[in-house]
Amino acid sequence: MSERRLYLDVAAGEIRGVVTLDGRPERLLIARDADEPVQALGARLVARVRAVDRANALAFLDLGVGPDGVLNIAPEMHAQLGGPLTEGRAVEVEVRSEARRDKGASLRLLGPAEGSPRLLAPAPALQERLRGYASAAEIRTGPIARSVADGAQEEALQTIFPLPGGGTLAVEPTRALTAVDVDLGSRPGAEAKRAARAANLAALGVAARVLRLKGLGGLVVIDLVGRGHDAPALTAAARAAFGPDSPGVALGSIGRFGTLELTVPRRSRPVLDVLTDDGGRLSVLSEALALTRALEREAVADGGGRFEATAAPEVAVAAAPAVALLTARLGARLSVRGEPGCARGVVSIARI
């Protein structure tokens, strides 16, 4: 029977929650002080209709901060609002899927409203969301949670994942879909067929876990290894593996070219969108928060020492608010300095 454990890492400027499944990270939740509350999953707010695209049954709503949200227009909305959905109208909505790098948040209509765009009720706190994944589990904090969160973050940034029993799985998101490739390598004769079946069955469980860890959803195409697949067994395995993502999971049949297509609901912002910039490298803020955690680690290990972190100027500027929070808690013995010419990703911490 599978076991899920919960971890909560509270750091200066950021809170990270991790769900592990049988010892491997399954979900990584990240909340940063710099996040916009109106864009968070479950937030309830007043929004104003900026544009209506009736040909595609979509409305684009001004949320007050950040990118416009998207509302799917349904026939029953006329009665719900007591009139048509028109440009300039104020409505009450809830964020049902967070914004991604290339698309705005998906919204659910709650009813008519008045006034300017504003937050009415914040999203559930990260700890509350974390608890929802394993309500009976203890939430572990402290150094163990920091270690687990660091490991989950590192794994979420990876592309290739090992399969139990041999083989690998590659997960690569694109604008249109997420591609999952199962690779077994070369095996001889009958052994290859048995190994392919085992690898495909294992890959479905790993793929489901990794997609949840990365926060990926939408259309997923899994390129299975081998030929002559056992469709009933693979479909049953996929249904079980993606069960925690329901409701909303839809499985297709295995195609003639050995691919399994499915759709998985999008809810949270993809983890890569949180951690990386448009070029795919760690963002300045992610580097700054990692610097702050490293500075905290040194300060806790040496309770009387004074420490200074040196980093690229933009990283030092981004780290300043979190370092200020650290000094308020640990004393005025921590500082960060930007070094002109210092490359991104290079950080040094010295006792001064």
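The values are calculated or read from the model by the stated rules, or taken from the named source; none is laboratory data. From a predicted model like this one, the values you see are computed outputs, not experimental measurements. Positions of Cβ are backbone-derived with ideal geometry, glycine not excepted, and every protein chain shown enters the neighbour counts. Side chains are part of the model used for accessible areas, which takes the heavy atoms of the whole protein and leaves out ligands, DNA and RNA. Shrake-Rupley method; radii C 1.70, N 1.55, O 1.52, S 1.80 Å.
Just checking, does region 253-273 include any residue being farther than 30 Å from residue 181 by Cβ and either out of contact with any His (no Cβ under 9 Å at 6 or more places or on another chain) or not hydrophobic (A, V, I, L, M, F, W, C) (or both)? No - not one qualifying residue is present in region 253-273.
Among the residues of region 130-155, what is the count of those that are among the basic types (Lys, Arg), open to solvent by 80 Å² or more (accessible area, probe 1.4 Å) and over 21 Å from residue 268 (Cα atoms)? Selection size over region 130-155: 0.
Taking residue 79, is it more than 27 Å from the chain's Cα centre (by Cα) and modelled with pLDDT under 95?
Details: more than 27 Å from the chain's Cα centre (by Cα): yes; modelled with pLDDT under 95: yes.
Yes, satisfied.
Here residue 10 meets each of (1) in contact (Cβ under 8 Å) with a residue 40 or more places away in the chain; (2) open to solvent by 60 Å² or more (accessible area, probe 1.4 Å); (3) under 30 Å from residue 155 (Cβ atoms); (4) part of a loop (DSSP other than H, G, I, E, B) with one exception, condition (4). Flag: residue 276 does not match the condition of being over 23 Å from residue 99 (Cβ atoms), out of contact with any Gly (no Cβ under 8 Å at 6 or more places or on another chain), β-branched (Val, Ile, Thr) and touching a residue at least 12 places away in the same chain (Cβ under 8 Å). For region 103-129, a residue qualifies if it is within 17 Å of residue 81 (Cα to Cα) and among the aliphatic types (A, V, I, L, M), and the qualifying residues are 107, 109, 110, 113.
Residues of region 250-279 being outside any strand (DSSP E or B) and open to solvent by 40 Å² or more (accessible area, probe 1.4 Å), which ones? Answer for region 250-279, where residues must be outside any strand (DSSP E or B) and open to solvent by 40 Å² or more (accessible area, probe 1.4 Å): 256, 257, 266, 267, 269, 272, 277, 278, 279.
Among the residues of region 43-91, those that are crowded, with 17+ Cβ neighbours inside 10 Å, touching a residue at least 40 places away in the same chain (Cβ under 8 Å), within 26 Å of residue 265 (Cα to Cα) and not aromatic (Phe, Trp, Tyr) comprise 43, 45, 46, 47, 48, 49, 61, 62, 63, 91. Count of region 16-35 residues, restricted to those that are open to solvent by less than 30 Å² (accessible area, probe 1.4 Å) and among the acidic types (Asp, Glu), is 1.
How many residues does region 268-298 hold that are of a type in the set (Lys, Arg) and either touching an Asp or Glu at 6+ places or on another chain (Cβ under 7 Å) or within 12 Å of residue 311 (Cα to Cα) (or both)? Explain how you work it out, then say what you get.
Here is the first cut: in region 268-298, the residues of a type in the set (Lys, Arg) are 269, 281, 293, 297.
Cutting the leftovers down to either touching an Asp or Glu at 6+ places or on another chain (Cβ under 7 Å) or within 12 Å of residue 311 (Cα to Cα) (or both) gives us 269.
Number of matching residues: 1.
Within region 217-240, the set of residues being closer than 26 Å to residue 175 by Cα and touching a Lys or Arg at 6+ places or on another chain (Cβ under 8 Å) comprises 217, 218.
With respect to the conditions (1) more than 22 Å from residue 155 (Cα to Cα); (2) assigned to a strand (DSSP E or B), residue 227 falls short on a single one, namely (2). Residue 242 falls short on exactly one of the conditions (1) more than 24 Å from residue 266 (Cβ to Cβ); (2) surrounded by 19 or more Cβ atoms within 10 Å (Cβ to Cβ); (3) touching a strand residue (DSSP E or B) at 6+ places or on another chain (Cβ under 7 Å), and that condition is (1).
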